[in-house]
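The values are calculated or read from the model by the stated rules, or taken from the named source; none is laboratory data. The structure displayed is predicted, hence computed values, not measured ones. Every residue, glycine among them, receives a Cβ derived from its backbone with ideal geometry; neighbour counts consider all protein chains shown.
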Amino acid sequence: MLKIDRRRLSPLFARLLRTWGPQHWWPGETPFEVMVGAVLTQNTAWTNVEKAIANLVARDWLDADRIACLRRRDLAQCLKPSGYFNIKAQRLQAFCRWYRQAGGYPALAALPTAELREALLAVRGVGPETADDMLLYAFDRPVFVVDAYTRRLFSRLGLCSGDEPYEQLRSAVETAMGADVHAFNELHALIVRHAKEVCRVRPCCADCVLAGRCPAAHILPD
DNA sequence: TACCAGGAGAAAA
DNA sequence: TTTTCTCATGGT
């Protein structure tokens with residue numbers, strides 16, 4: 001079973017926070033909007049998701065009851081900028097129908113984390129990362145979100161091999177950091193921010209940037 | 001032009 | 001069980 005050394009993870013977190021500052025995630029007005037964003041951002045740049053959400057808001061459709069009852073093709077048209085629009089229309093309706101049937105946010109927020117996670121994962125179109133995005137950023141549960149950036153960065157730093165099962169990596173980070181909603185919130189957001197700012201510019205050296213000896217270090221604010 | 005982006009599920013091996 | 005394929009727009 002994978003173990004991540006807290007003495008290596010904590011300085012990494014501190015370095016990211018010092019470099020990029022608090023990220024104030026998730027960008028969303030309400031928990032429901034956060035959950036919609038979590039579905040729409042699957043393998044998609046956030047700027048495209050924002051356009052799709054803006055379309056929903058402009059039509060006054062950012063509502064579980066409304067989305068659940070829309071014609072699939074109307075919703076798909078609205079989601080077009082976020083890509084995979086037919087699949088996402090299907091997934092978002094499946095999620096909204098479940099959300100409504102489950103009693104909405106108050107009823108779901110009353111569930112224990114493990115039970116809520118299991119219920120989310122049973123919704124078609126909600127996988128581990130999407131479920132954990134929702135748990136952390138919409139329900140404030142101490143769950144760490146593992147994404148492709150986390151695997152890439154951690155494997156380059158030698159914290160993991162990168163091909164561990166999702167649950168193993170999530171559990172290892174949660175054990176190393178302790179159940180801390182705020183820390184999980186920031187760490188995941190910072191990893192994404194770091195990837196956007198650095199890996200895109202110079203994909204080979206996310207690790208040496210963090211060690212402070214990267215040729216591209218000039219792009220860092222400190 | 002080619003590649004990537006805050007994945008998930010189905011199909012094939 | 002593991003790997004591969006499909007879904008698709010928009011920015012770089």
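Among the residues making up the range A:132-160, those that are surrounded by fewer than 22 Cβ atoms within 10 Å (Cβ to Cβ) and not in a loop (DSSP other than H, G, I, E, B) are A:ALA148, A:TYR149, A:ARG151, A:ARG152, A:SER155, A:ARG156. The set of residues from the range A:139-159 being aliphatic (A, V, I, L, M) and either modelled with pLDDT of 90 or more or in contact with a Pro (Cβ under 6 Å, 6 or more places away or on another chain) (or both) comprises A:VAL143, A:VAL145, A:VAL146, A:ALA148, A:LEU159. Pairs meeting the criteria (first residue in the range A:87-102 and over 14 Å from A:LEU62 (Cα atoms), second residue at pLDDT 95 or above and among the hydroxyl-bearing types (Ser, Thr, Tyr), beta carbons under 7 Å, at least 6 apart or on different chains) are A:LYS88/A:SER82.
The residue that is nearest to A:ASP180 (Cα to Cα), among those in the range A:125-142 that are away from DNA strand C (no atom under 16 Å from the Cβ) and more than 11 Å from the chain's Cα centre (by Cα), is A:PRO142. Scanning the range A:161-191 for residues that are surrounded by fewer than 18 Cβ atoms within 10 Å (Cβ to Cβ) and either within 16 Å of DNA strand C (Cβ to nearest atom) or polar (S, T, N, Q) (or both) yields a total of 8.
Scanning the range A:69-84 finds no residues that are surrounded by fewer than 16 Cβ atoms within 10 Å (Cβ to Cβ) and in contact (Cβ under 8 Å) with a residue 24 or more places away in the chain.
Which one is nearest to DNA strand C (Cβ to nearest atom) among residues in the range A:104-121 that are free of Cβ contacts under 8 Å to residues at least 24 places away in the same chain and aliphatic (A, V, I, L, M)?
Result: A:LEU121.
Among the residues of the range A:39-47, none qualifies, meaning not one is over 30 Å from A:SER155 (Cα atoms) and surrounded by 18 or more Cβ atoms within 10 Å (Cβ to Cβ). Cβ-Cβ below 7 Å, separation at least six or inter-chain, first residue in the range A:180-192 and of a type in the set (D, E, K, R), second in a helix (DSSP H, G or I) and surrounded by fewer than 19 Cβ atoms within 10 Å (Cβ to Cβ): which pairs? Partner pairs satisfying both residue conditions: A:GLU186/A:LEU17.
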